[in-house]
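See structure below.
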Amino acid sequence: MTTSTSRQAVPQRHRSAAGARRRKPGRRGRLALAICLSLLLLLAAGAGWVYLKLDRDIKTFDAGGISDNRPAAGSSKGENVLVIGSDARNDGNAALGGGDVNDIGRSDTAFLLHVYADHKNAVAVSIPRDSLVTIPPCKLPDGKWTTARQGVKFNEAYSVGETAKGNPACTQNTVESITGLRVDHTVVVDFKGFAALTEVVGGVKVCLPQNVYQRDLNPNRTTRGKLLFDKGEQTVSGQKALDYVRIRHGIGDGSDIGRIKRQQAFVASLLKEVKSNGLSPAKLLPLADAATKSLTVDPGLGSAQKLISFAMSLKDIDLHNTKFVTIPWRYQGARVAIVEPDASDLWAALKADRTLDGKDASGKKKASPSASPTAATTPVSGRGITVTVYNGTTITGLAAKAAAELTSDGFTVTGTATASSQNHATTVIEYGPGHKSDAQTAARVFPGAAIQPVTAPGVNVVVGQSYKGGSTATPQPTAIPKDVTEGARSADDNICSNLSYG
């Protein structure tokens, strides 16, 4: 019994020790799990705090100022983002840009970024600030709307209302009127936001075609002042970066066109820096923190999550497939005129998601032979609608053909005539107060037609070259103007190439 008891006691002690050894790893595992969960909760709370902080910094503009007369949603599968560089002096920007802090808000730079539907291509189209355009009615701070302004500088749209913050909605309305493209989002970056972005990425590489002095930045100086930039390559950030993109005089012909060339090169170089740092939420958060403090956006981008999500959607666009061009233009005295039909051809290409070299970037798969045919088009009824038809081309008899088609659809045509300009690439439906719905009905007769408000009463159809005379088939796409394609810059181009005009 004694021997038996002794033999049983030893295994019991061994079992106790072994049990203890087995339980210890369990306790450590539970402790490790608790620590991991705590860290995850802290990280989640931290991320939530960061997003909350970014959300507080973002400013949005009043969407009530966006026109009701807009291009149709979904006309292009890609996205169009209007980027405005504001030189407003409010909110601490005067220290960087100089000028009166009580001055009205102005736009110094603007480009329309078209992100193709395949999310592998993008093109930014610069619109010179001195371009002569028609600014559609804009909403004033008191809630009233202005009348359309014809033949005025493009950057005056941002100044409507004469407020220190400017009017992004009016610039958006103007761009939609010029291009016929629906702007999905609008982003305004001021001096502070721009300077902060360049500092966060560690500086941006630029190139100067010659030495630049203070008078090149401020032509009102009586002497050339200090040397600001040496000729050649260098890295700039903060105030120096801002000075670089604002230089207009003393380089090339001193025009805004030349400045646009350098600004395009700068944005391309900035994209290189962002790409080289990596497009991940961890890398984007510092950028977002810097940007949102001086960013004004439309309500559709009014949160950090939406902004970062949009930025992440661009990560697969290669630098070589990111292009920069300027709207077709020519000098008209000291101002800039938009050249037609070249500009309309460019907008038509973007609307169709065709790249500058003519490739299809819509992301659509080619229809299989067994695909079902397109549903028949709903007949157009113009009963009770009176229109006047103008020939906006040099093709004889086109207005008469359009008038005949309108008449067959029930419209009352009061007459035909030659338009004041015969260089219309696409058909434009002009309408006076109270006739928007009539114009929309008339536009169904002319696929791809633009609708434009005018002060004159009634509805006018200005027939463009895309109209084939009784055919409702979609017109074949025209080539993008050679001047546009040859002057394009890719984001991976040498920073010293194609820097100035004149």
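The values are calculated or read from the model by the stated rules, or taken from the named source; none is laboratory data. Just so it is clear, the model here is predicted, and its values are computed rather than measured. Glycine also receives a Cβ, built like all others from the backbone with ideal geometry; neighbour counts cover every protein chain displayed. The accessibility values were calculated without ligands, DNA or RNA, using every heavy atom of the protein model including side chains. Shrake-Rupley method; radii C 1.70, N 1.55, O 1.52, S 1.80 Å.
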| note | For the range 325-342, the count of residues that are part of a strand (DSSP E or B), open to solvent by 60 Å² or more (accessible area, probe 1.4 Å) and of a type in the set (Gly, Ala, Ser) equals 0
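Here are Asp243, Asp216, Asp230: which of them is over 30 Å from Glu430 (Cβ atoms) and either surrounded by fewer than 17 Cβ atoms within 10 Å (Cβ to Cβ) or free of Cβ contacts under 8 Å to residues at least 12 places away in the same chain (or both)?
Working: Asp243 fails: either surrounded by fewer than 17 Cβ atoms within 10 Å (Cβ to Cβ) or free of Cβ contacts under 8 Å to residues at least 12 places away in the same chain (or both); Asp216 fails: either surrounded by fewer than 17 Cβ atoms within 10 Å (Cβ to Cβ) or free of Cβ contacts under 8 Å to residues at least 12 places away in the same chain (or both).
Answer to the selection: Asp230.
Per-residue answers, yes or no, for (1) assigned by the TED database to the domain that holds Ser177; (2) more than 28 Å from Pro137 (Cα to Cα); (3) in contact with a helix residue (DSSP H, G or I) (Cβ under 6 Å, 6 or more places away or on another chain):
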site	(1), (2), (3)
Gly392	no, no, no
Thr396	no, yes, no
Ala400	no, yes, no
Ser408	no, yes, no
Thr412	no, yes, no
Ala419	no, no, no
Gln422	no, no, no
Thr426	no, no, yes
Ala439	no, no, no
| The one condition in (1) over 25 Å from Thr174 (Cα atoms); (2) part of a strand (DSSP E or B); (3) of a type in the set (Val, Ile, Thr); (4) open to solvent by less than 50 Å² (accessible area, probe 1.4 Å) that Val461 fails to fulfil | (1)
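Could you list, in sequence order, the residues of the range 251-277 that are in contact with a Leu (Cβ under 9 Å, 6 or more places away or on another chain) and part of a loop (DSSP other than H, G, I, E, B)? Break it down into steps so the answer makes sense when it comes.
Going residue by residue through the range 251-277, those that are in contact with a Leu (Cβ under 9 Å, 6 or more places away or on another chain) are 251-252, 258, 261-262, 265, 268, 270-272, 274-275, 277.
Hits for the range 251-277 are Ile251, Gly252.
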| task | Could you tell me whether the range 135-157 includes any residue that is assigned to a helix (DSSP H, G or I), more than 16 Å from the chain's Cα centre (by Cα) and not polar (S, T, N, Q)? | result | yes
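Checking the conditions here, which among Thr198, Thr186, Thr222 is surrounded by 20 or more Cβ atoms within 10 Å (Cβ to Cβ), outside any strand (DSSP E or B) and not basic (Lys, Arg)? Walk me through how you get there before you give the answer.
Numbers: Thr186 fails: outside any strand (DSSP E or B); Thr222 fails: surrounded by 20 or more Cβ atoms within 10 Å (Cβ to Cβ).
Checking each option against the conditions leaves just Thr198.
Quick grid of which residues meet (1) within 27 Å of the chain's Cα centre (by Cα); (2) among the β-branched types (Val, Ile, Thr); (3) modelled with pLDDT under 90:
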| site | (1), (2), (3) |
| --- | --- |
| Thr186 | yes, yes, no |
| Pro219 | no, no, yes |
| Lys240 | yes, no, no |
| Tyr244 | yes, no, yes |
